[in-house]
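Participant: Dumping the structure here so I can ask a few things about it.
The values are calculated or read from the model by the stated rules, or taken from the named source; none is laboratory data. What you see is a predicted model; the values in this text were computed from it and never measured. Quick reminder, even Gly has a Cβ in these numbers, built from the backbone with ideal geometry, and neighbours come from all protein chains shown.
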């Protein structure tokens, strides 16, 4: 059987309301030969049967165990046969031939180009992200104290290579196209990181290996990321913070401590404020917020992996 040009990989956690618009957009607008994998993560039997019947052209990968973003994507990525892999979130919508445009970009870019991503829009049409600049460890710490905000447009003041294609530094895991041989060389997604920062880790490693990362400002995709359920925050956020500290410390215990201490102080301050709000208003939202900050502050100096932390705090 002839290999497709692009292998599409989508992870969906039993959210057909997200998945259907994503697959319908892909089906309506993609013009290049593709295979499409959907990792059906903890699907109910009814939803799995319905989705398989409605989208028979999709290759379904059932994932019933607790797995993070990296692990779930890797289940499908290791089966990819395309020259390129297009990783995209299920909570995205496409209204143009995103994949075809990005493939044409990589065909025109220098041989060292490995990754190109589209411009991400919010559901209201406003800009969410267009490329990502360097993100050193100090920015991560400052962001926990609300003293730094990552720029949403990394193309401002830059000169495009051609059209609206610009060199960038990092990607977001929400949507990007990557050469499969490069992805394989990099070891796919690093499964150390349960939720974040697997995307920054991937693009950082790619740049260290001498590969280029790009964004096409003219190609857009809608990412409805704010629809993520907050009830999982008490498990997701500790795993994310622990993963970020592991990444930014680069394996150094001294650097880990120096980064972790101000982050712990920031999260402990948020925990105290959340406790006061909960006392004044014992709502479910305030309880979740307090529990989230409590779990984060308890997890920063642990030796547990991000996945172990998620399993400890997950009650789903």
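Participant: Only residues that are closer than 19 Å to residue 147 by Cβ and surrounded by 20 or more Cβ atoms within 10 Å (Cβ to Cβ): list them for the stretch 272-296, please.
Facilitator: Selection gives 293, 296.
Participant: Considering only the stretch 162-187, how many residues are in a loop (DSSP other than H, G, I, E, B) and out of contact with any strand residue (DSSP E or B) (no Cβ under 7 Å at 6 or more places or on another chain)?
Facilitator: Within the stretch 162-187, residues that are in a loop (DSSP other than H, G, I, E, B) and out of contact with any strand residue (DSSP E or B) (no Cβ under 7 Å at 6 or more places or on another chain) number 2.
Participant: Sticking with this one: Could you tell me how many of the residues in the stretch 198-234 are modelled with pLDDT of 95 or more and closer than 25 Å to residue 18 by Cβ?
Facilitator: Looking only at that region, the number is 14.
Participant: Run residue 56 past the list (1) farther than 17 Å from residue 215 by Cα; (2) touching a helix residue (DSSP H, G or I) at 6+ places or on another chain (Cβ under 7 Å); (3) assigned to a loop (DSSP other than H, G, I, E, B) and report the number of the one that doesn't hold.
Facilitator: Failed condition: (2).
Participant: Out of the helices (runs of 4 or more DSSP H) lying entirely within the stretch 67-159, which hold 2 or more residues that are without any contact (Cβ under 8 Å) to a residue 60 or more places away in the chain and in the same structural domain as residue 219 (by TED's automatic domain parsing)?
Facilitator: In the stretch 67-159, 98-108, 137-144 are the helices (runs of 4 or more DSSP H) which contain 2 or more residues that are without any contact (Cβ under 8 Å) to a residue 60 or more places away in the chain and in the same structural domain as residue 219 (by TED's automatic domain parsing).
Conditions tested, residue by residue: (1) surrounded by 22 or more Cβ atoms within 10 Å (Cβ to Cβ); (2) under 21 Å from residue 176 (Cβ atoms); (3) assigned by TED's automatic domain parsing to the domain that holds residue 77.
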residue	(1), (2), (3)
12	yes, yes, yes
18	no, yes, yes
27	no, yes, yes
31	no, yes, yes
43	yes, no, yes
48	no, no, yes
52	no, no, yes
60	no, no, yes
